[in-house]
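Report on the following structure.
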Amino acid sequence: MKINFHDLQTQYHCYKAEIDHAIQKVLNSSQFIMGPEIQEFETALQKYLGNTHVISCASGTDALMLALMAIDIKPGDEVITTPFTFIASAEVIALLGAKPVFVDIQKDTYNIDPFKIEEKITSKTRAIIPVSLYGQPADMDEINAIAKKHNIVVIEDAAQSLGAEYKGKKSANLSDMGCISFFPTKPLGCYGDGGAITVKDEKLAEKIKSLRVHGQTRRYYHKYIGFNCRLDTLQAAILNVKLKYFADEIEKRHQIAARYNQLLAKLNIVLPFVKHDRTSVYAQYSIRCKNRTELLDFLKNKNVPTAVHYPEALHLQECFQYLGYKRGDFPIAEKAASEIMSLPMSAFITAEEQRYITYAIQEALEHELVV
Ligand SMILES: *Cc1c(COP(=O)(O)O)cnc(C)c1O
């Protein structure tokens with residue numbers, strides 16, 4: 001059996017005729033930069049998300065960057081985020097010369113612990129970037145309330161969570177701003193890099209639109225120092241096709257996660273935990289076990305692809321050494337980083353594949369490789 005970690009080829013073949021046609025249409029028009037497909041996609045995504053402005057951009061990282069630039073984050077500022085995430089969530093803070101301030105996570109959801117945020121707020125704190133990790137929204141109500149009290153901005157890093165719901169509302173539209181990634185293996189992926197930012201405030205929306213095109217307000221007149229981070233028309237054309245099937249894919253992801261939950265229920269591993277008032281899109285289906293290295297090796301020998309999201313917490317990364325954190329500062333994040341691992345997940349994985357994966361894990365447990 002050949003199992004794919006993310007089944008992008010099967011997905012392409014499902015929508016091939018429509019995607020090929022959409023690509024061909026862009027090639028024929030040759031409007032590669034800001035062609036009509038961009039506006040079409042932004043409108044469609046806005047409709048999907050509800051009441052917010054949607055501005056597409058070149059990647060999820062650029063979306064985070066635009067969000068911070070829009071509120072003029074500068075050297076001396078502090079921005080709070082989680083140490084258990086992809087590097088981009090904190091990298092953009094540092095790139096603008098501001099200071100990433102980490103707050104430990106909850107041990108069941110792996111999202112930032114809102115009860116530990118307030119003690120880290122200082123007069124320099126300008127924003128909080130909660131990450132909706134693995135596709136499950138963070139505790140946004142609690143976080144928004146803290147931010148409101150201290151007059152700071154909340155930017156949801158929704159790179160993994162487009163399609164998830166929180167108290168009936170859509171992830172990426174749960175706070176002042178939301179940042180989405182269309183990296184190919186994210187829940188809604190394009191065929192290269194892509195991203196989008198959502199923003200409630202009309203003035204900020206105008207500013208972000210300008211920032212993504214060198215800060216210009218009209219051609220060759222520049223109000224802000226911006227940069228170039230537009231989404232390609234080709235990617236927008238692909239996303240227009242895939243967005244139509246996105247709700248179906250989310251439904252399938254829920255079914256597949258439920259099947260994993262059921263198959264793996266009796267085994268001595270920690271399964272994903274989703275709070276009752278929200279859903280996850282399972283960007284990753286991540287489990288935890290003590291002897292991770294042994295289980296990863298065993299599964300590799302059984303041709304089961306796996307991944308680790310993420311093996312090292314951000315406060316321990318070499319690039320952030322200058323922040324002065326040390327091992328032990330965020331014990332829950334550190335423990336998660338040492339035990340977490342992700343199983344194959346996509347809307348296209350079959351029940352047979354899931355059973356094969358489960359048997360392999362069970363076998364490893366029986367060999368007492370994993371405790
Ligand atoms: C993927 C990801 C990003 C960055 O998105 P890119 O499109 O790859 O730039 C940011 N934050 C998180 C949590 C991510 O998973």
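The values are calculated or read from the model by the stated rules, or taken from the named source; none is laboratory data. Not measured: the values here are computed from a predicted model. Here Cβ is always computed from backbone atoms with ideal geometry, including for glycine, and neighbour counts include all displayed protein chains.
Annotations for the structure displayed:
- Looking only at region 264-279, and only at residues there that are over 17 Å from residue 341 (Cα atoms) and not β-branched (Val, Ile, Thr), the one that is nearest to the ligand (Cβ to nearest atom): 278
- Single residue of region 19-52 satisfying the filter (in contact with a helix residue (DSSP H, G or I) (Cβ under 9 Å, 6 or more places away or on another chain) and of a type in the set (D, E, K, R)) that is farthest from residue 214 (Cα to Cα): 25
- Answer from 197, 152 - the residue that is modelled with pLDDT of 95 or more, of a type in the set (Val, Ile, Thr) and more than 21 Å from residue 225 (Cα to Cα): 152
- Where a residue in region 252-281 is in contact (Cβ under 8 Å) with a residue 40 or more places away in the chain and outside any loop (DSSP other than H, G, I, E, B) and its partner, wherever it lies, is of a type outside the set (Val, Ile, Thr) and surrounded by fewer than 12 Cβ atoms within 10 Å (Cβ to Cβ), with Cβ under 8 Å and at least six apart: 259/351; 278/167
- Subset of region 303-326 (residues that are surrounded by fewer than 16 Cβ atoms within 10 Å (Cβ to Cβ) and either under 20 Å from residue 349 (Cβ atoms) or at pLDDT below 95 (or both)): 303, 305
- Looking only at region 211-246, and only at residues there that are touching a strand residue (DSSP E or B) at 6+ places or on another chain (Cβ under 7 Å) and assigned to a helix (DSSP H, G or I), the one that is nearest to residue 30 (Cα to Cα): 233
- Residue within region 351-366 that is in contact (Cβ under 8 Å) with a residue 24 or more places away in the chain, not charged (D, E, K, R) and not in a helix (DSSP H, G or I) present: no
- Subset tally (residues that are closer than 13 Å to residue 347 by Cα and at pLDDT below 95) for region 251-301: 0
For every residue, the table says whether it meets (1) within 23 Å of residue 174 (Cβ to Cβ); (2) of a type in the set (Gly, Ala, Ser).
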{"site": "35", "(1), (2)": "no, yes"}
{"site": "39", "(1), (2)": "no, no"}
{"site": "64", "(1), (2)": "yes, no"}
{"site": "69", "(1), (2)": "yes, no"}
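- Annotation: of all residues in region 74-96 being in a loop (DSSP other than H, G, I, E, B), touching a strand residue (DSSP E or B) at 6+ places or on another chain (Cβ under 6 Å) and not hydroxyl-bearing (Ser, Thr, Tyr), the one that is farthest from residue 224 (Cα to Cα) is 84.
- Residue 202 among the charged types (D, E, K, R) and within 20 Å of residue 350 (Cα to Cα): no
- Among the residues of region 51-79, the one identified as among the β-branched types (Val, Ile, Thr), without any contact (Cβ under 8 Å) to a residue 60 or more places away in the chain and either away from the ligand (no atom under 15 Å from the Cβ) or surrounded by fewer than 24 Cβ atoms within 10 Å (Cβ to Cβ) (or both) is 73.
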